[in-house]
1. Mind listing whichever residues of region 85-130 are modelled with pLDDT of 85 or more, surrounded by 12 or more Cβ atoms within 10 Å (Cβ to Cβ) and among the charged types (D, E, K, R)?
2. Going by what's in this entry, would residue 79 be described as at pLDDT 65 or above, touching a strand residue (DSSP E or B) at 6+ places or on another chain (Cβ under 9 Å) and not acidic (Asp, Glu)?
3. Filter region 34-51 down to the residues that are open to solvent by less than 10 Å² (accessible area, probe 1.4 Å) and within 13 Å of residue 116 (Cβ to Cβ) and list them by number.
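The values are calculated or read from the model by the stated rules, or taken from the named source; none is laboratory data. All of these numbers come straight from a predicted model, not from anything done at the bench. Note: ideal-geometry Cβ built from the backbone for every residue, glycine included; neighbour counts use all protein chains shown. Calculation scope for accessible area: heavy atoms of the full protein, side chains included, ligands and nucleic acids excluded. Shrake-Rupley method; radii C 1.70, N 1.55, O 1.52, S 1.80 Å.
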Amino acid sequence: MAGAMYGPLAESVWWAICIDEELEAVEGYRSRRNTDPQGNVVNGLRYARSALGHHRFFAVQTAGGLSIPYVIPYKIETFGAWLPVADLPDFDQQSTFRPRYEQYVAGRRVLDTLVDAAGWFDRACAESLA
């Protein structure tokens with residue numbers, strides 16, 4: 001599962017950071033982003049983008065699966081989760097984003113972090129256009 005996820009995941013994170021970089025031109029955007037939990041997910045995704053895009057280091061593991069005790073009806077669900085920060089190389093150029101990755105991204109479901117980033121961009125764009 002994890003290998004098949006690499007391309008779409010790298011592209012998703014790359015696009016999120018492209019949006020973030022464009023919004024940085026809006027006055028006050030950075031300070032709003034850096035003080036908002038969803039905005040800090042975006043900051044953490046910068047570190048993940050660096051891992052995936054620049055260093056070609058796959059920053060996701062397969063998680064979930066069968067759990068005991070069983071609850072009926074049960075299902076076996078696996079999902080992508082971001083690696084703990086200790087399992088990632090230290091990217092010197094992105095050292096300011098490493099703590100945000102650790103606090104807001106590491107260990108979480110990939111989809112949940114992308115949903116948080118989308119929520120942040122929705123709000124940031126609405127505020128910028130208001």
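1. Those that are modelled with pLDDT of 85 or more, surrounded by 12 or more Cβ atoms within 10 Å (Cβ to Cβ) and among the charged types (D, E, K, R): 98, 100, 102, 108, 109, 112, 116, 123.
2. It is true that residue 79 is at pLDDT 65 or above, touching a strand residue (DSSP E or B) at 6+ places or on another chain (Cβ under 9 Å) and not acidic (Asp, Glu).
3. 39, 40, 41, 42, 43, 44, 45, 48, listed by residue number.
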